[in-house]
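The values are calculated or read from the model by the stated rules, or taken from the named source; none is laboratory data. Given the structure is predicted, the values throughout are model-derived calculations rather than measurements. Methodologically, a virtual Cβ is constructed for each residue, glycine included, from the backbone with ideal geometry; neighbour enumeration extends over all protein chains shown. Ligands, DNA and RNA are excluded from the accessible area calculation, which covers all protein heavy atoms including side chains. Shrake-Rupley method; radii C 1.70, N 1.55, O 1.52, S 1.80 Å.
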Amino acid sequence: MMKRLIVGSLCLLMSFGSIAQKKEIEFTEFDLDNGMHVILHQDNTTPIVVVSVMYHVGSKNENPERTGFAHFFEHLLFEGSKNIERGQFGKYITNAGGVNNANTSNDRTYYYEVLPSNQLKLGLWLESERLMHAQIQKIGVETQREVVKEEKRQRYDNQPYGTILPEIMKRAYTEHPYRWTPIGSLEHLNAASLDEFVDFYETFYVPENATLSIAGDIEIEEAKKLVKDYFGPIPRGGKEIPRPDIVEPKQKEEVRDTIYDNIQLPAVIQAYHMPAQGTEDSYALEMLSTALSGGQSARMYKSLVDEQQKALQVAAIPFSSEDPGLYLLFGLPTIGGDLKELEDAMDAEIKKVQEELISDKEFEKIRNQKENDFISGNSRMAGIAESLANYHVYYGDANLINKEIDRYMKVSKKDIKRVANKYLTEDNRVVLYYLPKSQQNQ
């Protein structure tokens, strides 16, 4: 018992334990006969293992009349299975001294467990149960409907600025399924039948739509055998997996609106259409965001917060995604400050990068920041497991975990100036003013 507690505590303390990245991340990958892709990374420096499964299904794969299903299943598949009683899934993890979680995006759903390495079999069993024997039952569906309702209240409805993404998305996209966010519609979830939930599970939660990524204190050959034992018997789904091919029409004029929300301070949000992740221009835009808001010495913070004192907070955030996404700029004015003045000041910073090349010194700084961010993201077992899965699912090349930084380093100062002019234009953006509800009738 004491040994298990010690190992468990070590797991919790080091669940995202750092490793030194002094050489390339080595991995082994293969496909099972049922179509599941498997990626294994061995690192025996700490006694932990990350077991993860990424399903290539997100909110964009949903029926427009049944939005919220992908996120709903993220919750529902912790309910239990044929061999795991309701409410016991998480207890297996905590009793073993581990942690687990899941998340859903527009493009994929991801589950992971971080465990003491002597619990590898437990992680494999739990994930195989989720894939093969999940129980889609009325009691679980009703329970998780209430959980999702509470999450929506806490994270969207009652959190300041929590509705920014839904409000932006439904204005930025008119046809593409990115027009709704993963939380989806509670009305759609309430209206859905049990058969519809079962059909979603049988369509998307199949081996050929799943990538199993394991990183940590393992032996490759032993892990291969265990993976085949636990996942090999699972049959292929066999259904055609829906992949939306809708192309969002080019935006031709600025969209502008005002949102009254439960906030104390107003905000201005600009959202520009940007290309899909993995394209050359997407890397240049990410480098631009580092120049604009990559820390307190970056352009927007230094100018708008420190020097002009027009803003309390500013940020440039590229929302890269599998299909063309959005490049967001966010600003909170100083108390009593004018939103139009802040927006004009934000536009002025964009205009500077459109008209002049950034300096050599600034360029070197953002290159160093990006390289540091890249290395830091892959300095923990959990980060490695997720990155390997991401690169395989999105690009079909898990080795980008070692090579993608080269794509950032190929971006030139001229590229940054060029994409600023190409994408950060008025006719390519949505602008929202967020104001306190107390100002609505003034």
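List of remarks:
- Taking region 77-102 as the range and being part of a loop (DSSP other than H, G, I, E, B) and among the hydrophobic types (A, V, I, L, M, F, W, C) as the test, the residues that pass are 77, 78, 84, 96.
- Residues satisfying the stated conditions in region 103-139, i.e. in a helix (DSSP H, G or I), open to solvent by 10 Å² or more (accessible area, probe 1.4 Å) and not hydrophobic (A, V, I, L, M, F, W, C): 117, 118, 119, 121, 138
Yes/no per residue for (1) among the aromatic types (Phe, Trp, Tyr); (2) open to solvent by less than 10 Å² (accessible area, probe 1.4 Å); (3) under 28 Å from residue 379 (Cα atoms):
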position	(1), (2), (3)
47	no, no, yes
55	yes, yes, yes
62	no, no, no
77	no, yes, no
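- Residues of region 290-300 that turn out to be among the hydroxyl-bearing types (Ser, Thr, Tyr) and either in a loop (DSSP other than H, G, I, E, B) or surrounded by fewer than 21 Cβ atoms within 10 Å (Cβ to Cβ) (or both), as a count: 1
- The condition of being closer than 30 Å to residue 48 by Cβ, small (Gly, Ala, Ser), in contact with a helix residue (DSSP H, G or I) (Cβ under 6 Å, 6 or more places away or on another chain) and surrounded by 21 or more Cβ atoms within 10 Å (Cβ to Cβ) holds for only one of 398, 385, 389, that being 398.
- Of all residues making up region 179-216, the number that are within 20 Å of the chain's Cα centre (by Cα) and open to solvent by less than 40 Å² (accessible area, probe 1.4 Å): 15
- The helices (runs of 4 or more DSSP H) found wholly in region 320-415 and carrying at least 2 residues that are in contact with a Gly (Cβ under 8 Å, 6 or more places away or on another chain) and under 29 Å from residue 58 (Cβ atoms) occupy 360-377, 381-395.
- Residues (closer than 20 Å to residue 285 by Cα and surrounded by fewer than 17 Cβ atoms within 10 Å (Cβ to Cβ)) located in region 302-314: 302
- When we screen 157, 195, 245 for residues that are on the phi < 0 side of the Ramachandran plot and either at pLDDT 95 or above or not charged (D, E, K, R) (or both), the only hit is 195.
- For beta carbons closer than 6 Å, sequence separation of 6+ or different chains, a first residue in region 147-172 that is of a type in the set (Gly, Ala, Ser) and a second that is modelled with pLDDT of 90 or more, the qualifying pairs are 172/271; 172/326; 172/430.
- Some residue of region 4-22 being modelled with pLDDT of 95 or more, open to solvent by 10 Å² or more (accessible area, probe 1.4 Å) and under 20 Å from residue 390 (Cβ atoms): no
- Unique match (being acidic (Asp, Glu), within 30 Å of residue 325 (Cα to Cα) and open to solvent by 90 Å² or more (accessible area, probe 1.4 Å)) among 240, 222: 240
- Filtered by the rule that a residue be outside any helix (DSSP H, G or I) and β-branched (Val, Ile, Thr), region 145-166 gives a lone residue, 163.
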